[in-house]
Every structure is written in structure tokens, then in C-alpha cells.
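The values are calculated or read from the model by the stated rules, or taken from the named source; none is laboratory data. These numbers were taken from a predicted model, which means no experiment stands behind them. For neighbour counting, all protein chains shown are included, and Cβ atoms are generated from backbone atoms with ideal geometry for every residue, glycine included.
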Amino acid sequence: MLQARRAMDAPLLHIALYRPLIPQNTGTIGRLALALGARLHLVHPLGFRTDEKACRRAGLDYWREVDCQEHPDHAALLAALPDPTRVVAFSARAERLYTEVDYRPGDCLLFGDEERGLPQALLDLAPERAVRIPVRNPRVRSLNLANAASIAVYEALRQLGFPGAAPPRPRHQGEASCAR
């Protein structure tokens, strides 16, 4: 039934990880994708197996529900997207800021691996679609992959007006509050 529902529902966004190395990051991003109705794309080779305990642990018990597609290479990823011209490539080497993009439903947010990021050859395919998330401290090369994906996806959703967002969860009896 889950597979049939997935086929009918076009995801609002696509999150693509190009050759990810760390299963915990992928699991965390998978949970993000599930929470927000995005499709996760994994471009091989991966630095882990998707059935590893660490990947499942980071995604908690949600991993089996994540709308995830695996692709043998970048060309296969592009072929699977509704509009391959709407790929936004995230790189610490890009000039343009991620907030300067006019995000649209169906966009694909592409991230490189945790050690090297996206290869320059991929960035050179469409340099106008390469963006970065700024950092203030020049000694920090880049943000953690899962953090970067979260920042980027939420900016895209903010621009789209958070369509389909769930209502706030009710506070449970006896639940502690940080606000005073």
C-alpha cells in the first residue's frame, strides 16, 4: 500500500546525496525527507549499506517508510527527476547563496559526500545553480551534511509556504516546558 501511495503522490522536493559516506547522516536526512514529504535519492557508490543498523538507528524506526530511490550514477539521478534542469547543487565553493534561489515544487537539492563535497565537474555542468550556505568562521570548511540539508530544505519550504504542514502537536499533561 505504501508503494502505491508513493507512486501517486509527487514529492514536494527531492533531496539527493551524491556518494554519501556516513550512514548516520543519511539516516537523519531520510527522517527529514519523510517528515516533509520529500523523496530521498542516493547516488552510488555509497560508503555503507542502506540496511545497516547505523542508518536505521539515525532514521529511528522510520527508515522503511522513507521514499528513497538509489541510482547507479548522476545521469540516472537526472533521468529520475521530473525536471533535471531544477537541480540546486550545494557546495562550500559556490559564490551564490542558497537564499538567492527561487525554489519551486519538484526541485532537487543535491549534496556531495562528507569528505569532498560535490566534484567540480558536476558543479561545472550548471554553475548558475551552484549555491552555498555561508559560515562565519573561515576555519570551518563546511557544515555537517545533515545540518546543511535541513537548512536548505527548510528554506525551500519557507519559500513555498510550508504546504501541507501538520498542525502543532498538543502539549501533553505533565510535559515540561522550557518557556517561562
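Points worth noting:
- Residue that is surrounded by fewer than 19 Cβ atoms within 10 Å (Cβ to Cβ) and closer than 14 Å to Ile151 by Cβ, where the choices are Leu97, Leu109, Leu122: Leu97
- Top-ranked residue of segment 137-150 - restricted to ones that are hydrophobic (A, V, I, L, M, F, W, C) and farther than 18 Å from Arg86 by Cα, ranked as surrounded by the fewest Cβ atoms within 10 Å (Cβ to Cβ): Val140
- Scanning segment 58-88 for residues that are part of a loop (DSSP other than H, G, I, E, B) and within 21 Å of Tyr103 (Cβ to Cβ) yields a total of 7.
- Residue within segment 24-42 that is assigned to a loop (DSSP other than H, G, I, E, B), at pLDDT 95 or above and on the phi > 0 side of the Ramachandran plot present: no
- Listed by first and then second residue, the pairs with beta-carbon distance under 9 Å, at least 6 apart or on different chains, first residue in segment 58-84 and under 20 Å from Asp113 (Cα atoms) and among the hydroxyl-bearing types (Ser, Thr, Tyr), second surrounded by 13 or more Cβ atoms within 10 Å (Cβ to Cβ) and modelled with pLDDT under 95, form an empty list.
- Test: Pro134 is without any contact (Cβ under 8 Å) to a residue 24 or more places away in the chain, assigned to a loop (DSSP other than H, G, I, E, B) and exposed (fewer than 10 other Cβ atoms within 10 Å of the Cβ): no
- Single match in Ala10, Ala16 (criterion: under 17 Å from Arg86 (Cα atoms) and at pLDDT below 95): Ala10
- Any chance Val87 is modelled with pLDDT under 95 and either surrounded by fewer than 19 Cβ atoms within 10 Å (Cβ to Cβ) or under 13 Å from the mean Cα position of the chain (by Cα) (or both): no
- Boolean, Leu109 is assigned to a helix (DSSP H, G or I) and within 30 Å of Phe48 (Cβ to Cβ): no
- Test: Val135 is closer than 22 Å to Phe162 by Cα and out of contact with any His (no Cβ under 7 Å at 6 or more places or on another chain): no
- Residue among Ala165, Ala152, Ala146 that is small (Gly, Ala, Ser) and in a loop (DSSP other than H, G, I, E, B): Ala165
- A count restricted to segment 81-140 and to residues that are more than 23 Å from Ala38 (Cα to Cα) and charged (D, E, K, R) stands at 9.
- Some residue of segment 65-75 being of a type in the set (Asp, Glu), within 14 Å of Ile15 (Cβ to Cβ), surrounded by 13 or more Cβ atoms within 10 Å (Cβ to Cβ) and in contact with a strand residue (DSSP E or B) (Cβ under 7 Å, 6 or more places away or on another chain): yes
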